[in-house]
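Chemist: Handing you a structure now.
The values are calculated or read from the model by the stated rules, or taken from the named source; none is laboratory data. In this text the structure is predicted, and so the values were computed from the model without any measurement. Cβ placement follows ideal geometry from the backbone for every residue including glycine, while neighbour counts extend to all protein chains displayed. The area values use the complete protein model at the heavy-atom level, side chains included, leaving out ligands, DNA and RNA. Shrake-Rupley method; radii C 1.70, N 1.55, O 1.52, S 1.80 Å.
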Amino acid sequence: MKRLVLFFSLLLFVFSAQAQFPRLSGQAEISIITIGPGANLYDSFGHGAIRIQDSYLSFDRVYNYGTFDSFEDGFYLKFAQGKLNYKLSIQDFKRFLGNYQAQNRWVTEQVLSLSQAEKQQIFEFIENNAIPENAYYLYDFFYDNCATKLRDVVSNVIGDKLKFNNDHLTEEKTFRDLIQENTFNFPWWDFGIDIALGAVIDVNATPEEHMFLPDYIMKAYANATITRDGEEVPAVKATNKLFEADYYEIHRETISPWMVFSFLMIIVVVFTYKDTANNTRARYLDFMILFVTGLVGVVVALLWFATDHTATVKNLNLLWAFAPNLIVAFYVAKRRAPGWTRVYVRLLFIMLIGMTFIWVFQLQVFSIALLPIMLLLAVRYAFLWVKGLA
């Protein structure tokens with residue numbers, strides 16, 4: 001009797017396991033879906049997902065690795081710390097497509113050249129990924145995001161049979177170059193990104209590393225091959241433009257950081273000229289300069305040392321945004337500052353010179369909007385070096 005119960009239990013388990021992942025029919029297709037950039041900053045890098053459809057089973061789903069729960073406890077803190085979990089979600093394809101049509105963003109489908117067995121394996125792999133206990137992953141903007149998943153899922157299942165040929169990449173680009181291809185319409189955000197990210201993104205990205213951007217995933221698949229019966233065949237057997245957006249110019253911010261900082265530089269030069277001519281010192285100007293640069297320096301230092309972000313380390317913006325300035329600012333605001341502050345200001349001037357050499361030799365590339373800031377600081381620090389803070 002016990003053996004009979006055990007037999008039926010095992011039989012039930014086998015049937016339930018098979019029922020968990022249905023068998024795809026010969027009409028099934030698996031595609032890479034790429035969505036173009038949108039009008040907002042968070043849309044500017046585009047998006048990507050995997051589509052699995054089977055008309056025989058009336059089955060058409062999109063597997064989206066780019067979702068997250070904004071109501072998660074400590075969401076903003078986790079985001080700042082680089083500990084934010086993204087998850088795989090499943091959506092109806094028509095609803096998914098309609099969302100991007102409403103945003104006027106182009107949608108392109110690349111149908112993969114896969115065998116029936118490979119389609120089933122990829123389907124089961126992703127479905128297993130979508131189980132709640134497996135759906136979450138630690139997001140990394142450069143190395144593990146919604147775009148890299150489109151590469152990794154297929155590679156994990158079919159292995160070396162998928163080969164990305166990289167001759168479509170005709171020039172070397174750094175990670176910073178690749179980011180700026182998508183953020184040029186948002187100069188203030190572009191400036192902030194340049195301040196936040198360190199020297200580690202100023203190395204040339206490998207062909208594989210280009211694929212953190214959906215557009216480069218699409219190009220990589222278009223130029224990839226899959227080994228079939230000993231021969232290499234194109235990885236994409238059909239490319240379908242599911243929605244072609246009407247051309248529109250994304251509104252570019254008209255007041256740029258360069259304009260604002262150049263204006264501030266002129267103000268500082270005027271005040272410094274007046275201080276030199278009148279033998280005075282605008283001490284509250286000096287307070288503001290040190291306080292603001294110190295505040296920025298604290299943020300940069302925290303991003304480097306207090307988070308798990310891989311791209312915010314080795315950030316040499318600390319040479320101008322020097323965190324101790326936040327404290328020294330209060331000493332400088334005094335009518336007669338301590339004698340050591342004059343030596344301190346000379347150190348700041350020397351660090352600006354060091355930053356110039358770092359920029360020239362491309363050890364880290366800084367935002368061009370920093371040029372008027374550097375000139376502003378150099379003029380004021382030189383004045384304080386010579387005159388002192390009395």
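Chemist: Taking the conditions exactly as written (in contact with a Phe, Trp or Tyr (Cβ under 9 Å, 6 or more places away or on another chain) and assigned to a helix (DSSP H, G or I)), does Tyr284 satisfy them or not?
Modeler: no
Chemist: Of the conditions (1) open to solvent by 60 Å² or more (accessible area, probe 1.4 Å); (2) in a helix (DSSP H, G or I); (3) not small (Gly, Ala, Ser), Gln120 fails just one. Which one is it?
Modeler: Going through the list (1) open to solvent by 60 Å² or more (accessible area, probe 1.4 Å); (2) in a helix (DSSP H, G or I); (3) not small (Gly, Ala, Ser), Gln120 breaks only (1).
Chemist: Go through the stretch 168-194 and count every residue that is β-branched (Val, Ile, Thr) and more than 14 Å from the chain's Cα centre (by Cα).
Modeler: Of the residues in the stretch 168-194, 1 are β-branched (Val, Ile, Thr) and more than 14 Å from the chain's Cα centre (by Cα).
Chemist: Just to be sure before I move on: is Ala222 in contact with a Leu (Cβ under 9 Å, 6 or more places away or on another chain) and at negative phi in the structure I sent?
Modeler: On the way: in contact with a Leu (Cβ under 9 Å, 6 or more places away or on another chain): no; at negative phi: yes.
Here the answer is no, as Ala222 does not meet what is asked.
Results for (1) open to solvent by less than 60 Å² (accessible area, probe 1.4 Å); (2) touching a residue at least 12 places away in the same chain (Cβ under 8 Å); (3) touching a helix residue (DSSP H, G or I) at 6+ places or on another chain (Cβ under 6 Å), shown as yes or no for each residue.
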site: Asn129; (1), (2), (3): yes, yes, no
site: Glu133; (1), (2), (3): no, no, no
site: Tyr136; (1), (2), (3): no, yes, no
site: Asp140; (1), (2), (3): yes, yes, no
site: Asp144; (1), (2), (3): yes, no, no
site: Ala147; (1), (2), (3): yes, yes, yes
site: Ile158; (1), (2), (3): yes, yes, yes
site: Lys163; (1), (2), (3): no, yes, no
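Chemist: Does any residue of the stretch 261-271 turn out to be in a helix (DSSP H, G or I), surrounded by 14 or more Cβ atoms within 10 Å (Cβ to Cβ) and within 25 Å of the chain's Cα centre (by Cα)?
Modeler: Checking the stretch 261-271: not a single residue is in a helix (DSSP H, G or I), surrounded by 14 or more Cβ atoms within 10 Å (Cβ to Cβ) and within 25 Å of the chain's Cα centre (by Cα).
Chemist: Let me ask you something else. Tell me which of these Gln101 doesn't satisfy, since it passes every other one: (1) within 30 Å of Trp188 (Cβ to Cβ); (2) open to solvent by less than 50 Å² (accessible area, probe 1.4 Å); (3) at pLDDT 90 or above.
Modeler: Answer for Gln101: the failing condition is (2).
Chemist: In the stretch 1-23, is there at least one residue being touching a strand residue (DSSP E or B) at 6+ places or on another chain (Cβ under 7 Å) and either modelled with pLDDT of 95 or more or not in a strand (DSSP E or B) (or both)? Give the steps one after another, and end with the answer.
Modeler: Narrowing the stretch 1-23 to residues touching a strand residue (DSSP E or B) at 6+ places or on another chain (Cβ under 7 Å): none.
No, the stretch 1-23 contains no residue that is touching a strand residue (DSSP E or B) at 6+ places or on another chain (Cβ under 7 Å) and either modelled with pLDDT of 95 or more or not in a strand (DSSP E or B) (or both).
Chemist: Being hydroxyl-bearing (Ser, Thr, Tyr) and farther than 30 Å from His168 by Cβ is the requirement here; does Thr225 meet it?
Modeler: The answer is no for Thr225.
Chemist: Taking helices (runs of 4 or more DSSP H) that do not extend beyond the stretch 169-238, which have at least 2 residues that are touching a strand residue (DSSP E or B) at 6+ places or on another chain (Cβ under 6 Å) and surrounded by 15 or more Cβ atoms within 10 Å (Cβ to Cβ)?
Modeler: Values: elements: 175-183, 187-196, 214-222.
Filter on the stretch 169-238 gives 214-222.
Chemist: Then there is this: Tell me, which strands (runs of 3 or more DSSP E) lie completely within the stretch 25-97 with 1 or more residues that are open to solvent by 60 Å² or more (accessible area, probe 1.4 Å), more than 30 Å from Trp304 (Cα to Cα) and at pLDDT 95 or above? So that I can check it myself, show each step before the final result.
Modeler: On the way: elements: 29-35, 47-54, 59-67, 85-92.
Counting at least 1 such residues, we get 59-67, 85-92.
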